[in-house]
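One structure is given here, and the rest of the page talks about it.
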Amino acid sequence: QVQLVESGGGSVQAGASLRLFCAASGRTYRVHHMGWFRQGPGKEREFVGSISRSDGSTLYADSVKGRFTISGDNAKPTVFLQMDRLKPEDTAVYYCAAKYGGASSIKDTYDYWGQGTQVTVAS
């Protein structure tokens, strides 16, 4: 089993930055990729980005490319989501997820999920 705990959410004005953290514990040696998803009010949970624990390669949704950056620290292990130039449409609960297999933007392929952290961006 793998446990994921997110932190770092909050309320900010449009244009501001936030940094989210995801701390993983348990059998993390089996995890190959870690990702971030978000679910806005009345919306489906959508892919934000992911990172490979082996080579650090990343994958991003078009909606956040160039504004959000995912990085990781395998020693802890922790995954970060740096969010810059935030927009009101970025308002959502952000979830950290982990999977054993290859990179994927499909939420059903992820094996473990955190509880989520709220991000609210005011206009």
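What to note about this one:
- Efficiency of FRET between LYS43 and TYR100 - r from beta-carbon atoms, R0 35 angstrom, step 0.05: 0.80
- In region 25-123, GluC sites (Glu not before Pro) in a DSSP loop with at most 16 other beta-carbon atoms within 10 Å: GLU44
- Here LYS87 is the anchor, and the lysines within straight C-alpha reach of less than 28 Å, apart from those fewer than 8 places off in the same chain, are LYS43, LYS65, LYS107.
- Among ILE106, ILE70, ILE51, the largest mean-square fluctuation in a Gaussian network model of the chain (Cα springs under 10 Å) belongs to ILE106.
- Placing dummy labels 7 Å off each Cα toward the beta-carbon, the span from SER71 to THR120 is 2.9 nm.
- Within a Gaussian network of the chain (alpha carbon springs, distance under 10 Å), most fluctuating of GLY49, GLY66, GLY40: GLY66
- Size of electric dipole in the chain: Cβ of Lys, Arg +1 and of Asp, Glu -1, about Cα centre, debye, nearest 20: 140
- The modelled label-to-label distance between ARG85 and ARG19, using points 7 Å beyond Cα along the C-beta direction, is 2.0 nm.
- The magnitude of the dipole of region 68-123, with charges of +1 and -1 set on the Cβ of Lys/Arg and Asp/Glu and taken from the Cα centre, is near 40 debye.
- In this structure, SER54 and GLN1 have a Cβ-Cβ separation that, at R0 = 30 Å, corresponds to a calculated FRET efficiency of about 0.90.
- Loop-located trypsin sites (Lys or Arg not before Pro) in region 31-77 whose Cβ has at most 13 other Cβ within 10 Å (DSSP): LYS43, LYS65
- Low-density loop cleavage sites - chymotrypsin sites (Phe, Trp or Tyr not before Pro) in region 68-104, where at most 14 other Cβ are within 10 Å (DSSP): TYR100
- From phi via Karplus (6.51, -1.76, 1.60), per-residue ³J(HN,Hα) for region 101-115 in Hz, x at Gly/Pro: x, x, 4, 7, 9, 9, 5, 6, 8, 8, 9, 9, 9, x, 7
All of the numbers you see were taken from the coordinates with simple rules; none came from a lab. None of the values given here were measured: they were computed from a predicted structure. Glycine gets a Cβ as well: all are built from the backbone with ideal geometry, and neighbour counts include every protein chain shown.
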